[in-house]
Amino acid sequence: MITFTPLSGAASSSKTIPLCYLLQVDDVRILLDCGSPDWQPEPSPEAEQYSWEEYCKSLRECAPTVDLVLLSHGDLAHCGLYAFAHSRWGLKAPTYTTLPVQAMGRIATTEDVEGLRDEQDMGEEVEQTEEEEQSSTARDESEADKPLLPIPKSGKYVATTREVQDAFDSLHTLRYSQPAHLQGKCQGLTITPFNAGHTIGGTIWKIRSPSSGTIIYAVNLNHMRERHLDGTILLRQSAGGVFEPLARPDLLITDAERASVVSSRRKDRDAALIDTITATLSSRSSLLLPCDSSTRVLELLVLLDQHWNYSRLRYPICFLSRSASEMLTFVRSMMEWLGGTISKEDVGEENRPTRQERKRKRGGEDDADEDALGALALRFKHLELFPNPQALIQKYDSKDPKLILAVPASLSHGPSRHLFCSFAAVPDNVVLLTGRGEENTLAGVLFDKWNARQRPETKWDKGKIGSNVMMDGAIKLQLKSKEPLQGAELEEYLAKEREAREKEAAQQAALARNQRMLEADEDDSDSDSDSDEEEDEVRRALGGDGMEDDDGHIRRRLKGEGGEGDWNMDGDEGLTKQLLSFDIYLKGNVSKATSFFKHVGGPTQRFRMFPYVEKKRRVDEYGETLDVGMWLRKSKILEEEAESDDIKDYRRRQAEEEQKKAALEPPSKFVTSDVEVQMACRLLFVDMEGLSDGRAVKTIVPQISPRKMIVVHASEESTTAFIESCANIRAMTKDIHAPHIGESVQIGQQISSFSISISDELLSSLKMSRFEDNEVGYVTGRVVAHASSTIPILEPVLVTAKPKQVEEEQSLSQTRMLGSRPPVTLPSSTMIGELKLTALKARLTAIGIQAELIGEGVLICGDDLRKDTSDGNMGDTVAVRKTGSGKVELEGNVSSVYYLVRREIYNLHALVAA
């Protein structure tokens, strides 16, 4: 049985992103994507009513129980919350994705968390709600190991940079069309990724279950070929239909976000984008283009670079992103995942390096990245990278014309938001949006304003390119920044830091002294026994100023005038008090012990002694000292040697950057300011999201022909339009579900599966027939349970011979006619498969038999179909007719054609005989 529950991004919802779904196949719980929302929406009544706490609560409750995680795209909407859930919520299940999604997801998440943490204090500590505190105190010992549900004090679930690196390092990567047979609790499941388009490494997941059939998870598809990517493999133009391994699934999970959208032509979109950029730069104005940090920005970079090359423009292209250099390095190393029109011929002959340039680069180490595979196609020599707006202002004046690409695309924080405040107030500047933006973000607000001022026939979803609009009025924004401390604040901070360091150093020194005394050797303890200070420390380590004897009485040390201390015995009425001038003592009272040797003055006395803690050394059975640190260091060396050179270079650069950041970053504080921006710029939206429109979705999905379908990631209008379109197609399934957030949909019935082992004797006697990718056979046996195995074994049935007398009695009792043969039981046989008349026609044509389809479910086969059959004589013509599910009729005269057609029908099935 299949159970599907949307945690976020459901159908008929006002919030279509992020995407996160829980799919349960029998007992296996699969998490499909793990996206994050925008944590800094614009203040509005709608934003206050809608909170992401419900989504985060549902995710952290189910995270420890998830058995498998599948990530489809490398943007924040699909994998932005995975790092936090992995490190804080116990999402430790095996996670699979493609190599580009791992790299792009790491970069996008790192860029987002660094940008948020540079503007406000997210805090490392977590706090619990009152309900969680009460539940945690009421838990019994059996539930003590269950993870708590941490809630950040900032209210935003933002991971640290180290947590992001550790989370994405744990991913398992696959290639396209590479099946992975899972083990453990997921044993029996097979997952296979296929190309989805839209982003580099974007994935359609095919999940194959032996009990629940085939499940296809396909969201955010793009069937169109782009400059840097090929279209989805789901629709094969050359084959004239859907990709065969993805056709006719038992369940299709797909999105319908753009089911009611008619996209404009790609040529018109590119022309509008390029013309606007060229006209604005020629008028000595600048453009601000908000973009993401890893996925869709590649299409823009390739388009701009090609236009700059062929038009020979000299204006700078500025890309503001902390991780831009790392992103381009990863992309250049993954050229096999790219497609579209990216090739060495696309950049033109003028961009090819000369022989002197190649020789100079070959001899230098600084330009190693330029010599990498794909550097020629992705050099972007007109592109300049800046980590922050301050670096951009230092190099270029605000009046210089330039094109600025700034992250993030939502304009909710980071460089794009800070630049917008100063950029929007300048007349003739252009803010160019390439995506609609998430709802309640600044990008979403600007898109709504632009779309509201378009004519009804030029709306963005009507297949037309709108015009730019002049913005007016004022908009209030909240800016958050991190400023260094100065003056009295800096002195107060340094004083507190100094006091904390001194206190910590004193604590460390006290702990070190206690450790040294407890583990000191005998010589050291004897030589230092006269020190009053260390005696006091020993007494404090043992629990107080005095010590107890065997009877539980307290011994206190008495200080004399001369500074010498004695030990006094209190509370012992049966013994005489006596003062001993010895600093060492024996546990217990001074007793009159007898000795083998007798003294003149009486028996020898036992004096008190200090306790001695023996320092035990850990050795093995051969007497060698165990050095655990040596093995740990050796293990670390082996792990470093096993890593590739690219990963080593990346980790080394990252460590150097962290050290520089920690060393150079001064003490700072987080400041929030309210800014009122007078809008004077122009605003234009050009759809560059790279997604299939409604016409493509309504054409592709019926060709897939799923038996059941679940619609997700769509607004109410799009969901209604898509379901109505599917209802008008007769061959399309009517079993379509569109669950809301938190609503569970159950598909199929609960199936009880059992494990059984086939014995070698029975396995050797089986006759297997091949059907598609499987081998099937008919088996008869009996189930036997052995004490040595927990899995029952299927063994052959032993046929026992009947006694001779019983056989004679049975033969006499049975009367037979003269000349008749004894009845023989024929073996039962089964044909497995579904006959496709198109496939039969192709096979018959290959062996020289003509075949034509004359109606629904009827195929006419013969040597010469043009022969006149008006007299009713069919000749050697044979008709193949499908009368129902699993029923095929073969009608015609007995001839060679009849037997050939029957043989080909048999060859299209798997014959399983007992």
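Could you check how many residues of region 307-328 are under 22 Å from Leu229 (Cα atoms) and surrounded by fewer than 19 Cβ atoms within 10 Å (Cβ to Cβ)?
The number of residues fulfilling the criteria is 4.
Could you check, for region 390-405, whether at least one of its residues is modelled with pLDDT of 90 or more, crowded, with 16+ Cβ neighbours inside 10 Å, of a type in the set (Val, Ile, Thr) and part of a loop (DSSP other than H, G, I, E, B)?
Checked region 390-405: no residue is modelled with pLDDT of 90 or more, crowded, with 16+ Cβ neighbours inside 10 Å, of a type in the set (Val, Ile, Thr) and part of a loop (DSSP other than H, G, I, E, B).
Looking only at region 440-482, which residues are in contact with a helix residue (DSSP H, G or I) (Cβ under 8 Å, 6 or more places away or on another chain) and in a loop (DSSP other than H, G, I, E, B)?
If the condition is that a residue be in contact with a helix residue (DSSP H, G or I) (Cβ under 8 Å, 6 or more places away or on another chain) and in a loop (DSSP other than H, G, I, E, B), then Asn440, Lys459, Trp460, Lys464, Ile465, Gly466, Ser467, Asn468, Met471 are the ones that fit.
Specify which of the listed residues (Ser757, Ser829) is surrounded by 10 or more Cβ atoms within 10 Å (Cβ to Cβ) and at pLDDT 80 or above. It would help to see each step written out before you state the result.
On the way: Ser829 fails: at pLDDT 80 or above.
So the residue among Ser757, Ser829 that is surrounded by 10 or more Cβ atoms within 10 Å (Cβ to Cβ) and at pLDDT 80 or above is Ser757.
Could you tell me which of the residues Ala512, Ala424 is modelled with pLDDT under 90 and not hydroxyl-bearing (Ser, Thr, Tyr)?
That would be Ala512, the only listed residue that is modelled with pLDDT under 90 and not hydroxyl-bearing (Ser, Thr, Tyr).
Can you spot a residue in region 96-118 that is assigned to a helix (DSSP H, G or I), among the polar types (S, T, N, Q) and at pLDDT below 90?
Within region 96-118, the first condition is being assigned to a helix (DSSP H, G or I), and the residues that meet it are 99-117.
If we keep only those that are among the polar types (S, T, N, Q) as well, we get 102, 109-110.
Keeping just the survivors that are at pLDDT below 90 gives none.
No, region 96-118 has no match at all.
Kindly indicate whether any position in region 245-258 is assigned by TED's automatic domain parsing to the domain that holds Phe722, touching a His at 6+ places or on another chain (Cβ under 7 Å) and not in a helix (DSSP H, G or I).
Scanning region 245-258, I find at least one residue that is assigned by TED's automatic domain parsing to the domain that holds Phe722, touching a His at 6+ places or on another chain (Cβ under 7 Å) and not in a helix (DSSP H, G or I), so the answer is yes.
Please pick out the residue among Val776, Val745, Val799 that is at pLDDT 75 or above and farther than 30 Å from Pro6 by Cβ. Please lay out each step first, then the result.
On the way: Val745 fails: farther than 30 Å from Pro6 by Cβ; Val799 fails: at pLDDT 75 or above.
None of the other options fit; the residue is Val776.
Tell me whether region 346-355 contains one or more residues that are buried (at least 18 other Cβ atoms within 10 Å of the Cβ) and either in a loop (DSSP other than H, G, I, E, B) or modelled with pLDDT of 90 or more (or both).
Within region 346-355 (the criterion being buried (at least 18 other Cβ atoms within 10 Å of the Cβ) and either in a loop (DSSP other than H, G, I, E, B) or modelled with pLDDT of 90 or more (or both)), the answer is yes, since at least one residue qualifies.
Can you tell me which residues in region 667-680 are surrounded by 15 or more Cβ atoms within 10 Å (Cβ to Cβ) and either aromatic (Phe, Trp, Tyr) or more than 39 Å from the chain's Cα centre (by Cα) (or both)?
Correct list: Met679, Ala680.
Of everything in region 729-741, what is at pLDDT 90 or above and farther than 14 Å from Pro706 by Cβ? Give them in sequence order.
Listed by number, the residues that qualify are Ala738, Pro739, His740, Ile741.
Restricted to region 473-497, and to residues that are among the charged types (D, E, K, R) and over 42 Å from the mean Cα position of the chain (by Cα), which residue is nearest to Gly115 (Cα to Cα)?
Among those residues, the one meeting the criterion is Glu489.
Can Gly437 be described as within 39 Å of the chain's Cα centre (by Cα), surrounded by 10 or more Cβ atoms within 10 Å (Cβ to Cβ), at pLDDT 85 or above and in a loop (DSSP other than H, G, I, E, B)?
In short, yes.
The values are calculated or read from the model by the stated rules, or taken from the named source; none is laboratory data. As the structure is a prediction and not an experimental result, all values here were calculated from the model. With ideal geometry, Cβ positions are generated from the backbone for all residues, glycine too; neighbour counts draw on all protein chains shown.
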